[in-house]
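Have a look at the structure below before the remarks.
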Ligand SMILES: C[C@@H]1N[C@@H](C(=O)NCc2ccccc2)[C@H](O)[C@@H]1O
């Protein structure tokens, strides 16, 4: 291994209570909200085909015009209570809110910037009411913070001159001040979700990213922060130059999921996902494929089956309301979660051999294993191969007990009568493990 001062400081997952809590939540709601919701992907009759929250980078929209949009930002229909209750209805256990996206507009009245909600017609802090309402609904809040800040005069993507380096130093102080300010104003938040850390100016100063992470932990012990904040002193990101994960969980799964357990290397991880192909902020024209509730439930279940968290993104309109399609998704997902959430919350990798019908999820620390079925085979028979030294004690589908057919050594078919369902089917396996335990109920049958 390479001697590193600013690489990973921990080998393996975090084992403290704050991280265990993050791990137990499994399902989050991402919110991308800011002045980019005003154009909503369009400008003067033209449609921007990039991500709506990146519209400032579109040559058709002069920076001057974009940077004055805040004068129109007045979310009169914003209702934090309503936001929190619909998130609760969906079954989200945490929420990540964009405090400041790449454009630099702050949803809170930061004393370190003029480009904030305080300068808008709305004037009032948006984050405080959100944090209070979501926490009251039993939902933890994490703060998204973009290091890239297109509005700040000292932001540099790269450092070519001594003047650039001096500006970058001032910018680092600004970042540290804003982060401390957010923790001081919103002490119940559980962590940060950093973004916009790919520029050379950031990744070349691994020492600063290391000191910043340690500083934040020192003023708010237990904070959960993903791998995107950090670089090591050789510019390696997410994984240090010895291949060790930096930060508390792998944060690289943006609009993509791992396929198999080997892909996550025993680390905690989180996937963040959009409903359209690639829109985070509000975009009036939802073009291309819009994911359905069942598709999104499959991503959530697949993530948990591979020991990760899944965060679904929503982009509220400039007035503070959610588009109908997003409201309907929250309702539909919530209807399934209300009945089947026990298979998701506190879910972990089960250690069973993957089958085509869907995913296994183990309730953390127990012998209860859920089968979440997305693909009922034409035979109606779900194959279950028990891991070595693990026996099957009982099988149930809701309140109904099922009797599997033993088809081989510790291998079964679970026959689904009726066979069809338009939402995922959840079956609960009670198992026993270990050599010396008595055999499962069904093996005696032979
Ligand atoms: C969570 C999303 N991250 C922002 C983004 O720029 N993603 C594109 C991107 C993803 C990975 C490396 C560079 C750029 C998007 O605007 C969202 O905020």
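Read-outs: derived from the displayed coordinates by stated rules, not from any lab. Everything numeric here is computed off the predicted structure, so don't read it as measured data. Using ideal geometry, Cβ is built from the backbone for each residue, glycine included, and neighbour counts are taken over all protein chains shown.
So how tilted is helix 80-90 from the main axis of the chain? Cα-based, degrees 0 to 90, rounded to 10.
Between helix and principal axis, roughly 20 degrees.
Can you work out D for the chain in µm² s⁻¹ from Stokes-Einstein, where Rh is the Kirkwood radius over C-alpha pairs, the temperature is 25 °C and the viscosity is 0.890 mPa s?
Here the translational diffusion coefficient equals 104 µm²/s.
Once both labels are modelled 7 Å past Cα along the beta-carbon direction, what's the residue 356-residue 198 spacing in nm?
If labels sit at residue 356 and residue 198, their model points lie 3.7 nm apart.
Under the 0.36 nm per residue contour assumption, what length would be gained going from the current alpha-carbon distance of residue 124 and residue 24 to full extension?
The span from residue 124 to residue 24 would gain 32.6 nm if fully extended.
Does the range 336-386 come out rounded, prolate or oblate by the C-alpha gyration tensor, with a ≥ b ≥ c the root eigenvalues, rounded set by a/c under 1.5 and, if not, prolate when a/b is larger than b/c and oblate if not?
In terms of gyration-tensor shape, oblate.
Please work out the C-alpha center-to-center distance from the range 130-176 to the range 353-391 and express it in whole Å.
Using only Cα atoms to place each centre, the spacing works out to 44 Å.
What residue among 256, 363, 190 shows peak mean-square fluctuation when the chain is described by a Gaussian network model with Cα springs under 10 Å?
Sorting by GNM fluctuation, first place goes to 256.
Checking a compactness column here: for the range 89-226, what do you get for Rg(Cα) / (2.2 N^0.38 Å), N being the number of residues?
Compared with the compact-globule rule of thumb, the range 89-226 sits at 1.08.
Using 7 Å Cα-to-Cβ label points, what is the residue 59/residue 278 separation (nm, one decimal)?
Placing both labels 7 Å beyond Cα along the Cβ direction yields 1.9 nm.
Which one of 396, 146, 303 has the biggest mean-square fluctuation once the chain is modelled by GNM with Cα springs under 10 Å?
Taking springs between Cα atoms under 10 Å, the residue moving most is 396.
How many nm separate the modelled label positions at residue 215 and residue 49, each set 7 Å beyond the Cα in the direction of the Cβ?
Distance between label points: 4.3 nm.
Scaled to the compact-protein estimate 2.2 N^0.38 Å, what is the alpha-carbon radius of gyration of the range 207-309, rounded to two decimal places?
Its radius of gyration relative to the 2.2 N^0.38 Å reference: 1.27.
Taking springs between alpha-carbon atoms closer than 10 angstrom, which of 27, 314, 174 fluctuates most in the Gaussian network model of the chain?
174
Compute the length gained on full extension between residue 10 and residue 176: take 0.36 nm times their separation in residues and subtract their Cα-Cα distance, giving the result in nm to one decimal.
57.5 nm
Going by Cα centres, the range 272-342 and the range 7-40 are how many Å apart?
Using only Cα atoms to place each centre, the spacing works out to 16 Å.
Taking only DSSP H segments of four or more residues, each worth -39500 (n - 2.57), what value at 222 nm results for the chain once the sum is divided by all its residues, to the nearest 500 deg cm²/dmol?
It comes out at -7500 deg cm²/dmol, rounded to the nearest 500.
From the Cα trace of the range 250-396, what convex hull volume per residue do you get, rounded to a whole Å³?
137
Run the numbers for residue 331 and residue 85: contour at 0.36 nm per residue of separation, minus the present Cα-Cα distance, in nm.
That works out to 87.5 nm of additional length.
Assign one of three labels to the range 270-354, namely rounded, prolate or oblate, based on the Cα gyration tensor with a ≥ b ≥ c the square roots of its eigenvalues; rounded applies when a/c is under 1.5, prolate when it is not and a/b is larger than b/c, and oblate otherwise.
prolate
How far, in degrees from 0 to 90, does helix 293-305 lean away from the longest principal axis of the Cα atoms of the chain, to the nearest 10?
That works out to roughly 80 degrees.
Can you tell me the FRET efficiency between residue 3 and residue 265 if r is taken as the Cβ-Cβ distance and R0 is 22 Å, rounded to the nearest 0.05?
0.50
Report the residues of the range 1-43 in range of a label on residue 234: point 7 Å along Cα→C-beta, backbone N strictly under 19 Å from it.
1-12, by backbone N distance to the label point.
Dimensions of the range 117-184 along principal axes (Cα, Å, largest first)?
Taking max minus min along each principal axis of the Cα atoms, the range 117-184 gives 50, 28, 18 Å.
Could you list, bin by bin from short to long, the percent of Cα-Cα pairs of the range 89-132 in 5 Å steps?
5, 21, 27, 22, 12, 8, 5, 1
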